[in-house]
1. For the range 95-202, what is the Kirkwood estimate of the hydrodynamic radius, computed as the reciprocal of the mean inverse distance between distinct Cα atoms, to one decimal in Å?
2. Pairs of Cα atoms under 8 Å, at least six residues apart: use those to get the relative contact order of the chain, whole percent.
3. Within the range 163-192, whose backbone N sits under 20 Å from a point 7 Å along Cα→Cβ of residue 40?
4. Compute the helix-to-body angle for 8-22: its Cα long axis versus the longest principal axis of the chain, expressed 0 to 90° and rounded to tens.
5. Using only Cα atoms, what is the ratio of the radius of gyration of the range 1-93 to 2.2 N^0.38 Å?
6. Arrange the peptides 51-64, 94-107, 118-131 so that the one whose residues have, on average, the most other Cβ atoms within 10 Å appears first.
7. At a Förster distance of 30 Å, what's the computed FRET efficiency of residue 91 paired with residue 186, Cβ-Cβ distance as r, to 0.05?
8. What does the C-alpha gyration tensor say about the overall shape of the range 46-127? Classify as rounded when a/c is under 1.5, otherwise prolate if a/b is larger than b/c, or oblate.
Amino acid sequence: MKFLFDLLPVILFFVAYKVAGTHPESAHELATQWLGSSVTASQAPILIATAATILATFLQIAIVWFRHHRVDKMLWVSLAIIVVFGGATLFFHDPTFIKWKPTALYWLFACALLISDLAFRRNLIRAMLEVQIRLPEPVWGRLNLAWAAFFIAMGLINLYVAYTFSEDVWVDFKLFGATGLMLAFVLAQGYYLSRHIEEETN
């Protein structure tokens with residue numbers, strides 16, 4: 001359930017884009033009503049989807065705050081990035097900004113992992129997981145580097161899809177492709193960690 005909740009902005013982006021695409025006249029009318037008459041019919045779906053994502057992220061934070069009376073820092077970071085890149089897309093009517101948003105978020109995560117480890121000697125992956133599992137020190141280091149490399153790769157893959165394929169394909173990739181790659185990486189990580197946990201307990 002938490003996994004779906006975390007994906008809420010991405011899911012709403014996908015749904016809003018597809019619904020707007022199947023109702024082009026209504027989508028264009030709505031977009032011009034809120035964003036100005038210069039919006040073209042082809043721009044309407046991505047602009048409506050972007051607006052939906054911004055609203056969904058605010059809703060996410062409101063729900064988390066209401067339930068826990070605190071909001072994780074990463075969620076605030078995600079909100080800041082979607083407001084900046086999504087806001088630029090809405091203001092300039094240019095989807096380039098929203099297409100760069102996932103890459104900016106991935107690379108920010110990668111920088112946080114690397115800088116925290118190299119500059120402050122603090123392994124963020126260990127800080128998040130050491131309550132649940134016990135691992136040898138070298139494994140924590142490799143795990144931190146693996147996540148940083150994964151986020152860097154995801155940022156590059158997002159740009160490749162965004163600039164090589166159609167906008168419609170990129171929207172599909174944003175939900176299904178990126179989520180699938182994340183799940184595959186987590187499963188591979190789980191298998192790798194299980195081997196080391198077993199070695200520690202034998």
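Read-outs throughout are calculated quantities, based only on the coordinates presented, and are distinct from any laboratory measurement. Note that the coordinates shown come from a computational prediction; the quantities given were computed from them, not determined experimentally. With ideal geometry, Cβ positions are generated from the backbone for all residues, glycine too; neighbour counts draw on all protein chains shown.
1. Result for the range 95-202 stands at 15.2 Å.
2. Once normalised by length, the contact order is 18 percent.
3. Residues 163-171 qualify, since their backbone N sits under 20 Å from the label point.
4. Relative to the chain, helix 8-22 is tipped by roughly 30 degrees.
5. 1.16
6. Per-residue Cβ counts within 10 Å, averaged per peptide and sorted highest first, yield 94-107, 51-64, 118-131.
7. E between residue 91 and residue 186, to the nearest 0.05, is 0.25.
8. oblate
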